[in-house]
């Protein structure tokens with residue numbers, strides 16, 4: 001065996017190197033722009049979304065760079081849901097040979113960076129994402145908090161399984177972790193009541209995803225003058241603002257905020273736990289929450 005390897009090993013190495021170089025140059029010279037529209041149409045057939053890409057090209061480091069990426073609802077190409085200046089994708093060539101679509105991706109979004117992995121196996125998509133330094137003020141939250149000015153940076157990660165059934169995308173099980181740093185909130189109103197402006201907010205949340213239900217295992221926000229905690233469930237509706245809420249909340253004031261608002265808060269919220277937090281429930285919908293005292 002050693003003699004065979006010694007005699008033919010270098011020829012096998014030359015052949016393997018040649019094959020790899022052929023695959024490499026095919027990757028670089030493949031006409032991505034010419035086939036992108038047909039490929040996107042095949043992959044999104046029957047889904048309620050339309051994806052368009054201005055141009056695609058490959059890089060020597062085996063990344064595919066897609067620029068001018070636009071995700072919109074099917075049938076209305078002007079109703080964009082998400083626009084990306086550039087998306088970088090690195091497919092797994094080994095997985096493609098075994099019939100599985102898998103790739104890594106990264107992009108800039110809302111002032112930060114998002115990266116992750118996607119794997120398609122049959123009718124299931126497995127997504128693993130992480131994001132860094134997403135600017136809260138750039139997120140599309142105007143319909144939920146009209147007039148509010150929010151600041152801060154979001155970091156976190158998510159694992160989620162999604163199933164494609166005909167023209168529907170059905171979320172499966174997953175988890176979401178998010179962290180807030182350098183947070184601030186101004187001009188926030190709840191039921192016509194102006195919430196005091198806050199700075200230096202930090203927070204951390206752990207959320208379980210199961211089909212159309214979000215379970216808030218823990219969500220804690222802390223500022224110098226206020227601490228807020230949430231637990232409970234939210235059922236996802238087609239319009240996100242109409243999603244029904246069933247949450248337990250607790251709030252605690254301190255410093256100048258306590259001296260100014262504690263008497264009023266105590267008049268509304270009479271349930272208080274051993275740590276000094278006032279406890280209440282939040283019902284209604286995400287777009288129109290209702291306090292249950």
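Hull volume per residue, based on the alpha-carbon atoms of the chain and their convex hull, is 184 Å³.
Both radii come from the Cα set of the range 214-281: Rg as radius of gyration, Rh as Kirkwood radius; their ratio Rg/Rh reads 1.06. Protection proxy ranking of 224-231, 110-117, by the mean of other Cβ atoms within 10 Å over each peptide's residues and highest first, is 224-231, 110-117.
Between the C-alpha center of the range 111-128 and that of the range 233-265 there is a gap of 32 Å. Placing pseudo-labels 7 Å out from each Cα toward the beta carbon at residue 179 and residue 12 gives an inter-label distance of 4.8 nm. Give the relative contact order (percent, whole number) for the range 32-88; include only Cα pairs under 8 Å separated by 6+ residues. With pairs under 8 Å counted, the relative contact order is 28 percent.
When restricted to Cα atoms, the range 202-250 yields an Rg and a Dmax of 12.0, 37 Å, respectively. As a length-normalised measure over Cα pairs under 8 Å and 6 or more apart, the relative contact order of the chain settles at 8 percent. Projecting label points 7 angstrom from Cα along Cα→Cβ for residue 265 and residue 186 puts them 2.2 nm apart. Here the range 32-88 is treated as a Stokes sphere of Kirkwood radius computed over C-alpha pairs; at 10 °C and 1.306 mPa s its diffusion coefficient rounds to 133 µm²/s.
Where a number appears in this text, it was derived from the coordinates with a stated rule and is not lab data. Here the structure is a predicted model, which means the values were calculated and not measured. All Cβ positions, even for glycine, are placed from backbone atoms using ideal geometry, and neighbour counts span all protein chains on display.
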